[in-house]
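The values are calculated or read from the model by the stated rules, or taken from the named source; none is laboratory data. No experiment lies behind these values; they were computed from the predicted model shown. Neighbour counts run over all protein chains shown; Cβ positions are idealised from the backbone, glycine included.
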Amino acid sequence: MSLEKTLVILKPSAVQRGLIGEITTRFERKGLRLAGMKMMQLTDDLLNEHYAHLADKPFFGRIKQSMMASPVIACCYEGVDAVQVVRSMTGATNGRKATPGTIRGDYSVSAQENIVHTSDSPENAIVELNRFFRPEEIFDYSLPVQSYLNYEGEE
């Protein structure tokens, strides 16, 4: 089985509410390996590129304003089916519709201030990780608990 990497951005709503540790702990407890993490202030140019698919939407300006309200935490997580696992853990985009037990279901009541951004496909994860991380900012190392996260024999 090959491991997948995915992007998670802890949005200003997570940073401002002091949820960084709680959210990263959830991914670690699930068995995903943190391969990269950094705090950064997003720029207009970077957000224009990242959200280009939403540029014609009436809420585009609000999204950019929200994403630049404070620094964000950009993370790269790795694991088998990491994109799908992270998206399942995150829940529906609109926090009011997200299932309790998911990150958005537990910490958000907003469609816009919805705590995290996650890659929506393995292909987009590669593009997004390259947008937010330089190659030397993604690390490969072993976890001591790796044998307890064994995927052998799984399809």
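Some observations on this one:
- For segment 19-68, the tally of residues that are of a type in the set (Phe, Trp, Tyr) and modelled with pLDDT of 95 or more stands at 1.
- If you go through segment 123-148 and keep only what is surrounded by 12 or more Cβ atoms within 10 Å (Cβ to Cβ) and of a type in the set (Val, Ile, Thr), you end up with Ile126, Val127, Ile138.
- Residue count for segment 84-127, restricted to those that are within 19 Å of Pro12 (Cβ to Cβ), over 13 Å from the mean Cα position of the chain (by Cα) and in a helix (DSSP H, G or I): 2.
- Selection count where residues are under 14 Å from Glu22 (Cα atoms) and in contact with a Ser or Thr (Cβ under 9 Å, 6 or more places away or on another chain), scope segment 106-127: 4
- Total residues in segment 3-35, condition small (Gly, Ala, Ser), touching a residue at least 12 places away in the same chain (Cβ under 8 Å) and surrounded by fewer than 20 Cβ atoms within 10 Å (Cβ to Cβ): 1
- Among all residues of segment 70-87, there is none that is polar (S, T, N, Q) and buried (at least 19 other Cβ atoms within 10 Å of the Cβ).
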